[in-house]
Amino acid sequence: MSWSSKLFTIRGIPVRVHVSFLLIVGWAAYIGLSAGEGGWRLSLGGAAFMVTFVLLLFACVVLHELGHSLVAQLFGIRVQDITLWPIGGVARMAKMPEKPYQEFLITAAGPATNILLTIGLGALALVWIGPDQLLRLVTSSWLLSRFLSEMNGQALLLLLTANNAILALFNLIPAFPMDGGRLLRSLLAVFLPYPTATRAASVVGQVLATFIGTAALLAGNIMLALVGLFVFMAAWQERQQAITQGALAGLRVRQAMQPVGPRLHPLQTLSEAAAQAATSPQPAYLVVDGGRLVGLLTRGELINAMRRAGPRAAAGAGPAARVGSHLHRDVLQLRADDLLLAARKQLQERSAVMGIVVENGQVIGTLSQLDLARLVDMLRAHPQALPRG
């Protein structure tokens with residue numbers, strides 16, 4: 001089941017919205033209802049105002065992500081999609097930029113879009129609201145509060161202008177996952193190896209996140225403290241990613257692949273398959289019919305299928321109790337000389353538990369995400385354990 005729906009496609013990029021986005025729309029409606037004074041009709045007006053504001057703000061978020069995406073396309077990087085979440089938008093790219101200047105320009109395009117929106121919306125506000133009134137609003141919090149409480153078109157324009165400025169500034173904080181963290185990494189990568197630059201940028205992000213979180217807790221601002229925690233964890237994840245990339249750099253699939261484990265047949269019962277798989281540490285098993293590979297059966301799917309089948313798993317009663325009803329036919333094929341980092345990316349993009357390694361038309365081994373995790377653990381302890389190149 002997909003948890004996101006496609007809204008539209010622009011320049012070949014599908015723009016999707018995750019189902020959880022409804023939470024922010026519901027929250028906006030609730031805030032608007034609570035803000036309305038003077039009866040139910042005004043409360044509904046407040047809800048409509050807040051929902052409109054959130055939708056327009058996320059339209060600006062889409063433009064922010066399109067800024068990243070369109071520049072990425074200029075460098076030949078395919079953008080898989082843009083997805084809107086309650087906390088913002090994410091543009092998924094098929095690969096990382098190859099050069100630091102490419103990452104810098106792709107990353108900078110997002111905040112630059114918000115800066116341009118701030119200038120454009122600000123100019124419109126200057127014309128519509130008037131320079132004298134704007135000056136009074138920005139110098140008096142009381143007047144500004146009363147102005148925004150009107151919940152009209154001018155208030156909406158002012159809110160959008162201010163929030164685009166906030167988005168630009170917030171994204172320029174030099175901490176992952178904000179754009180500022182990636183800008184810092186791209187600048188450091190001019191002088192340092194990419195994994196080292198990532199680790200350095202992540203440390204800066206964690207220090208900033210610790211400062212933000214501590215200051216927020218002392219001030220009693222729980223929401224800001226949670227933001228600090230989120231930034232800290234994101235910086236930590238980016239650091240782990242850099243460690244993994246550094247550990248696997250220069251290695252080939254043949255150096256990490258495992259021997260082919262138990263081979264199953266589509267007509268085998270689930271209990272027969274379980275008996276074969278019980279002594280194998282592999283997370284998935286090849287399903288072969290007449291010497292031809294027809295798919296993979298993952299350990300997790302085997303266990304779930306046996307639970308669903310119940311007593312039929314042993315008896316083999318019905319198709320649901322047979323291996324052939326539960327296998328994955330779209331099997332990821334890798335080559336022995338492929339770079340491990342490229343193979344890892346393919347496994348992740350396909351959400352594949354395991355791939356097969358093929359040479360001269362024959363399956364000579366398998367490679368799973370679990371194999372890679374174990375190899376990274378070993379290489380962190382002994383980086384020179386395997387030759388590179």
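Taken over the stretch 184-200, the criterion of being surrounded by fewer than 20 Cβ atoms within 10 Å (Cβ to Cβ) and aliphatic (A, V, I, L, M) is satisfied by Leu187, Leu188, Val190, Leu192, Ala200.
Residues checked against (1) in contact with a His (Cβ under 8 Å, 6 or more places away or on another chain); (2) at pLDDT 85 or above; (3) surrounded by 16 or more Cβ atoms within 10 Å (Cβ to Cβ):
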{"residue": "Asn304", "(1), (2), (3)": "no, no, no"}
{"residue": "Ala313", "(1), (2), (3)": "no, no, yes"}
{"residue": "Arg322", "(1), (2), (3)": "no, no, yes"}
{"residue": "Glu349", "(1), (2), (3)": "no, no, no"}
{"residue": "Gly361", "(1), (2), (3)": "no, no, no"}
{"residue": "Ser368", "(1), (2), (3)": "no, yes, yes"}
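Note on the stretch 256-273: among residues that are assigned to a loop (DSSP other than H, G, I, E, B) and more than 28 Å from Ala336 (Cα to Cα), the one that is modelled with the lowest pLDDT is Gln268.
Looking across Leu84, Leu70, Leu22, one residue alone is at pLDDT 85 or above and either assigned to a helix (DSSP H, G or I) or not assigned by TED's automatic domain parsing to the domain that holds Pro195 (or both). It is Leu70. Of all residues in the stretch 196-216, those that are under 11 Å from Gly181 (Cβ atoms) have Cβ atoms under 8 Å from Cβ atoms of residues that are at pLDDT 85 or above and of a type in the set (Val, Ile, Thr), 6 or more apart or on another chain, in Leu208/Ile173. Test Gly110 against the stated conditions and say whether it is assigned to a loop (DSSP other than H, G, I, E, B) and either surrounded by fewer than 18 Cβ atoms within 10 Å (Cβ to Cβ) or touching a Gly at 6+ places or on another chain (Cβ under 7 Å) (or both). For Gly110, the condition - assigned to a loop (DSSP other than H, G, I, E, B) and either surrounded by fewer than 18 Cβ atoms within 10 Å (Cβ to Cβ) or touching a Gly at 6+ places or on another chain (Cβ under 7 Å) (or both) - is not met.
Residues that are assigned to a helix (DSSP H, G or I) and in contact (Cβ under 8 Å) with a residue 60 or more places away in the chain within the stretch 161-175 comprise Asn163, Asn164, Leu167, Asn171, listed in sequence order. Among the residues in the stretch 215-238, are any crowded, with 19+ Cβ neighbours inside 10 Å and either over 23 Å from the mean Cα position of the chain (by Cα) or in the same structural domain as Glu65 (by TED's automatic domain parsing) (or both)? No, there is no match, as no residue in the stretch 215-238 is crowded, with 19+ Cβ neighbours inside 10 Å and either over 23 Å from the mean Cα position of the chain (by Cα) or in the same structural domain as Glu65 (by TED's automatic domain parsing) (or both).
Residue-wise test of (1) modelled with pLDDT of 85 or more; (2) of a type in the set (Val, Ile, Thr).
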| position | (1), (2) |
| --- | --- |
| Gly180 | yes, no |
| Leu183 | yes, no |
| Leu192 | yes, no |
| Pro195 | no, no |
| Val207 | yes, yes |
| Leu224 | no, no |
| Leu248 | no, no |
| Arg254 | yes, no |
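Would the stretch 148-160 turn up any residue that is part of a helix (DSSP H, G or I) and closer than 18 Å to Gly89 by Cα? Scanning the stretch 148-160 turns up at least one residue that is part of a helix (DSSP H, G or I) and closer than 18 Å to Gly89 by Cα.
Out of Thr214, Thr244, one residue alone is modelled with pLDDT of 85 or more and of a type in the set (S, T, N, Q). It is Thr214.
The values are calculated or read from the model by the stated rules, or taken from the named source; none is laboratory data. Predicted model only: the values in this text are computed from it and were never measured. Please note: Cβ atoms are built from the backbone with ideal geometry, for glycine as well, and neighbour counts cover all protein chains shown.
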